[in-house]
Amino acid sequence: MPDFNRRQRSATCRTCEGKLRFYPKPLDEAAMIAEDETEGAWAHLNVNDWINNPHPPDPQENPAP
């Protein structure tokens, strides 16, 4: 079943409590329909989390408004 959850997703990092954003892997329409789970990566929005405190994002998704 296709994953139509390719919306913009936000989360909070459990490690540093910084803001995170999920960026889905770019796909053409046919591949998007065929995928079962959205592939992509989480990234810290604050550059200081990349430079001063580098660690992998540990997302805890924020509830939908």
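Bear in mind that the values in this text are calculations on the coordinates, not laboratory data. All of these numbers come straight from a predicted model, not from anything done at the bench. Cβ atoms come from the backbone with ideal geometry, glycine included; neighbour counts cover every protein chain shown.
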Final fewest-first order of Asp58, Asp28 on the 10 Å Cβ neighbour count is Asp28, Asp58
Simple label model, 7 Å out from Cα along Cβ direction - Asp28 to Thr15, nm = 3.6
What list of ³J(HN,Hα) values in whole Hz, one per residue of the stretch 23-31 in order, does the Karplus curve 6.51 cos²θ - 1.76 cosθ + 1.60 (θ = phi - 60°) give from phi, with Gly and Pro shown as x?
-> 10, x, 5, x, 9, 7, 4, 5, 5
Quick one: what are the phi-derived ³J(HN,Hα) couplings along the stretch 38-45, Karplus 6.51/-1.76/1.60 with θ = phi - 60°, whole Hz, x for glycine and proline?
-> 5, 8, x, 9, 8, 9, 6, 7
What residues qualify as long-range amide H neighbours of Arg9, i.e. H under 5 Å apart, gap of 5 or more or another chain, H built at 1.01 Å from N?
-> Phe22
How big is the Rg/Rh ratio for the stretch 9-61, C-alpha atoms only, Rh by Kirkwood, two decimals?
-> 1.09
